[in-house]
């Protein structure tokens, strides 16, 4: 029994080329609207670009919204999916169930408002409004078109007690708090310690969610690294950090000095490249670093740890942990501070 | 206490730019021969290019040895280290201790034959013979020049009971069997199971070493994936595999069908890009995939697992595990089959 067959469709028939790969690795996807076995078609209302992808596009086009919009459209048209060729990342989407394909068993029905739990990098997507309602200056894209999901398990029904853009932005990163929480619990059970946890990029979405999850899971201490005093002030209000350090994770020596100690678990949520070595330096012997940023370089992490003789475990942040989306939304519901912080960030980003 | 200060020098003063990063991330290293505190200078006799790097260079230049040599020389001259800008990987080196810097405490002395335990991507290197004794057709490069190691802990004295090129090629990948072994033991202790282990790329150096390590560490079954019948025949002689599967890990659907089951631990030792999804498909729920190839794509692994809803742990293969080099050499000493297989591969590669 493979992973595939326990999980329903994985979309192999939607791959045009190269033959034999999964949709995420495909260059071109088949976006035919007619549904195949197990598939669900969603009418798209909002796309949320992955932070690393939006950051790269913004930098490349120096914030020129029209140029950014044209490039996003051209990527979607060329590949049949929103898969940033530079960052390798996508994002997620929100919409309404349009049609259920043959053999689909689900509690969802046409008209249900849903969000996707899988990346845009593997989701056949057709845009029919030229993204004309988007100014190119925010990762949240009002959009009209359709997407094909390979299984109803890749969708969740959107709760009505939370704002839609908040739900979408939380779901986009819900793997991070879920895995952080799991690591802390495992450490508690197997090693009988309450681990110390450092969140690098603590003011961002995945960072602040992971910090709250760490506290809930029983971390002995939760510390956060942020880039400037404004972010430091902003996350103080979360009342979850035992210490907040201002520092640049891309400068490993300076970061290690600013942090001044090592942690059992380091959670890397920064969207910029080059944070691997700093993260390793602030993690203690036998500790764990988990990388959630799509800007992480595999070889830089592997060779960096070897180069400084760092005996620690490094994890590729798997975006899937069972129950991750519901758990993350419950975290937001349980903390008014977290809710307010995320809302404030959303407003800042979309300004 | 940071990782750095427990391990001796990490070479920050050798970084020319960008300022503040570690040597592995640096664009230019200072190769001045005068030694600084804690450093050791080694007279280089042999370089061993990382497999992913040599593979990339060979493909790029269609096997033209002169062109490959010129590019290697030009990389070393430009960066002050052998750091392949495409693969991000380096390799390792062998030589003789030339001089110990101020404050160095070690049992090594000038004249001791040594191998480096850290990547060439972070090692200041000067070549003075134009690599004129290398035909560019093998990753093993006879060379003359010097290298600067930041700490004597980054060197191991070369044993005299094994051929030098064998020692070098084993040390280059010794993190793989060490981490494989640790994962199996941890799984045995914490989950009280003898895990099933699949080695993808089982005929290569890191693959066959990891397979023997897996058997020694108590794996319930050890299976191997190889690319063709020749490799399959070749590793049969190791007498370590319960099953050997011929398949291409870059074609995930076909791989999953050929393998026909899932494993608790999958060890990925293939030098090619695009093996992430196949590796995930053949790993069971709650299992672990460890990636050792420098050709691994972080985002492809992270988004691939999410896309198929695979609940598993993915590790960046850390090249450092305490005692890894000695343990790997002992594996070779303990298995005449393994020794013979590695020797045969060396001869094939350097033909």
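Only the coordinates and a few stated rules stand behind these numbers; no lab work does. Not measured: the values here are computed from a predicted model. Neighbour counts run over all protein chains shown; Cβ positions are idealised from the backbone, glycine included.
By DSSP, the beta bridges lying fully in the protein assembly as shown are antiparallel in about 55 percent of cases.
Sorted from shortest to longest, the distances between the residue B:112 label points of this copy and the other copies are 6.6 nm, with each point 7 Å from Cα along the line through the beta carbon. For the residues B:93, B:281, B:117, a GNM of chain B with alpha-carbon springs under 10 Å puts the largest fluctuation on B:281. With springs connecting C-alpha atoms under 10 Å apart, model chain B as a Gaussian network and identify which of B:181, B:210, B:279 has the largest mean-square fluctuation. Of the options given, B:181 has the highest mean-square fluctuation.
What list do you get for B:193, A:200, A:141, B:199 if you sort them by fewest beta carbons within 10 Å?
Numbers: B:193 11, A:200 29, A:141 23, B:199 35.
Ranked by crowding around the Cβ, least crowded first: B:193, A:141, A:200, B:199.
Rg/Rh for chain A stands at 0.97; both radii use Cα atoms, and Rh follows the Kirkwood definition.
If one computes P(r) from the Cα atoms of the range B:159-253, what percent of pairs lie at distances over 19 Å? Each step should come with its number before you reach the end.
Numbers: 2016 of 4465 pairs.
Summing the P(r) of the range B:159-253 above 19 Å gives 45 percent of all pairs.
A label point on residue B:220, set 7 Å along the Cα-to-Cβ line, lies at 3.5 nm from each of its counterparts in the other copies, closest listed first. Judged by the ratio a/c of the largest to the smallest principal axis of the C-alpha gyration tensor, the range A:45-187 counts as oblate, that ratio being 1.5 or greater while a/b is no larger than b/c.
Seen against the Cα atoms of chain A and their longest principal axis, helix A:65-79 is set at about 60 degrees.
Computed on chain B, with alpha-carbon pairs under 8 angstrom and 6+ residues apart, the relative contact order is 15 percent. Kirkwood hydrodynamic radius computed over the range A:143-194 comes to 14.0 Å, based on all pairs of distinct alpha carbons.
So what does log10 I(q)/I(0) come out to for the range B:88-166 at q = 0.20 Å⁻¹, using the Debye formula with one equal point on every Cα and no solvent? Calculated log10 I(q)/I(0) at the listed q: -1.00. For chain B, the longest principal axis of the C-alpha atoms and the axis of helix B:175-191 are separated by about 40°. Model label sites at residue A:96 and residue B:236, defined 7 Å from Cα along the beta-carbon direction, differ in position by 6.3 nm.
Relative contact order of the range B:176-229, taken over Cα pairs closer than 8 Å and 6 or more residues apart, is 44 percent.
Counting Cβ atoms of other protein chains within 10 Å of each residue's Cβ and taking the mean over peptide B:276-282 gives 4.
What are the equivalent ellipsoid semi-axes of the range B:270-341, built from the alpha-carbon gyration tensor (square roots of five times its eigenvalues), in whole angstrom, biggest first?
On the way: eigenvalues 168, 33, 32 Å².
The answer is 29, 13, 13 Å, longest axis first.
Taken as Cα centroids, the range B:142-174 and the range A:226-262 sit 40 Å apart, rounded to the nearest whole angstrom.
Considering only A:274, A:224, A:103, the mean-square fluctuation computed in a Gaussian network model of chain A, springs between alpha carbons under 10 angstrom, is largest for A:103.
Looking at the range B:215-332, I'd like the Rg to Rh ratio, where Rg is from alpha-carbon atoms and Rh is Kirkwood's inverse mean 1/r.
Working: Rg = 14.4 Å, Rh = 15.1 Å.
On the Cα set of the range B:215-332, Rg over Rh gives 0.96.
Pairwise Cα distances in the protein assembly as shown exceed 37 Å in 38 percent of cases.
Diagonalising the gyration tensor over the Cα atoms of the range A:29-92 and scaling each eigenvalue by 5 before taking the square root yields semi-axes of 25, 11, 11 Å, largest first. Report summary: the helix-based calculation at 222 nm, which adds -39500 (n - 2.57) for every DSSP H run with n ≥ 4 and divides by the residues of the protein assembly as shown, gives -10500 deg cm²/dmol.
The alpha carbon centroids of the range B:39-68 and the range A:24-66 are separated by 39 Å.
Could you grab the relative contact order for the range A:269-320? Cα pairs under 8 Å, six or more apart, rounded to a whole percent.
Working: 68 pairs, mean separation 23.1, N = 52.
Answer for the range A:269-320 is 44 percent.
Here residue B:85 yields copy-to-copy label distances, from shortest upward, of 1.9 nm, the label point defined as 7 Å from Cα along Cα to C-beta. Of all DSSP beta bridges confined to chain B, the antiparallel ones make up roughly 55%. In chain B, the longest principal axis of the Cα atoms and the axis of helix B:298-307 are about 20 degrees apart. By definition, a body whose alpha carbon gyration tensor gives a ≥ b ≥ c is oblate when a/c is 1.5 or more and a/b is not larger than b/c, and the range B:5-44 fits this oblate description.
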